[in-house]
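The values are calculated or read from the model by the stated rules, or taken from the named source; none is laboratory data. Just so it is clear, the structure is predicted and the values come from calculations on it, not from any experiment. Note that we place each Cβ from the backbone using ideal geometry, even for glycine, and neighbour counts take in every protein chain shown. Protein only, heavy atoms only, side chains kept; ligands, DNA and RNA dropped before computing areas. Shrake-Rupley method; radii C 1.70, N 1.55, O 1.52, S 1.80 Å.
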Amino acid sequence: MPKGCLVGLGFVGGAVAGYLACFLAYLFWTVVLGGFDREGAWAMGIAFGIGPFVALLSGISVALWIGLRKRRRAN
């Protein structure tokens, strides 16, 4: 598979993983640790503020990691 396709797939995969990690961290905070979110303000902040930012950062970092990796030779 060409490297450009892998970079694109890495960006999408990293973005999805970062967004999912934010929501799992929120669920851990509210359910396991007993955090209190009565009106759902934290959930909305995660969904529309923090989540997309973390998704963008993780997508860019995974794409850079894949793009800057050196290809191994098959012996």
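Summary of values
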read-out	value
Distance between modelled label sites at Leu68 and Leu9, nm, 7 Å Cα→Cβ extension	2.2 nm
Rounded tilt (10° steps) of 51-68 against the dominant C-alpha axis of the chain	20 degrees
Solvent-accessible heavy-atom area per residue, rounded to whole Å², over the chain at 1.4 Å	77 Å²
Semi-axis lengths, Å, the chain, gyration tensor of Cα atoms, sqrt of 5 times eigenvalues	34, 12, 7
The stretch 8-74, dipole about Cα centre (Lys/Arg Cβ +1, Asp/Glu Cβ -1), debye to the nearest 20	740 debye
Potential lengthening between Ile60 and Ala25 on full extension [0.36 nm per residue; Cα-Cα distance subtracted]	10.6 nm
Fraction of accessible area attributable to carbon and sulfur, the chain (%, probe 1.4 Å)	73 percent
Helix-only [θ]222 nm of the chain, DSSP H runs n ≥ 4, -39500 (n - 2.57) each, per residue, nearest 500	-21000 deg cm²/dmol
Helix 3-27 vs. the chain, principal-axis angle (Cα, 0 to 90°, nearest 10)	20 degrees
The chain: most fluctuating residue of Leu20, Leu57, Leu33 per GNM, C-alpha cutoff 10 Å	Leu33
Other-chain or far-sequence residues with amide H under 5 Å of Asp37's (modelled H)	none
Average Cα contact separation per residue, the chain, under 8 Å, 6 or more apart, as relative contact order %	53 percent
Positive dipole terminus of the chain, leading residue within Val54, Gly4, Leu24 (C-beta point charges)	Gly4
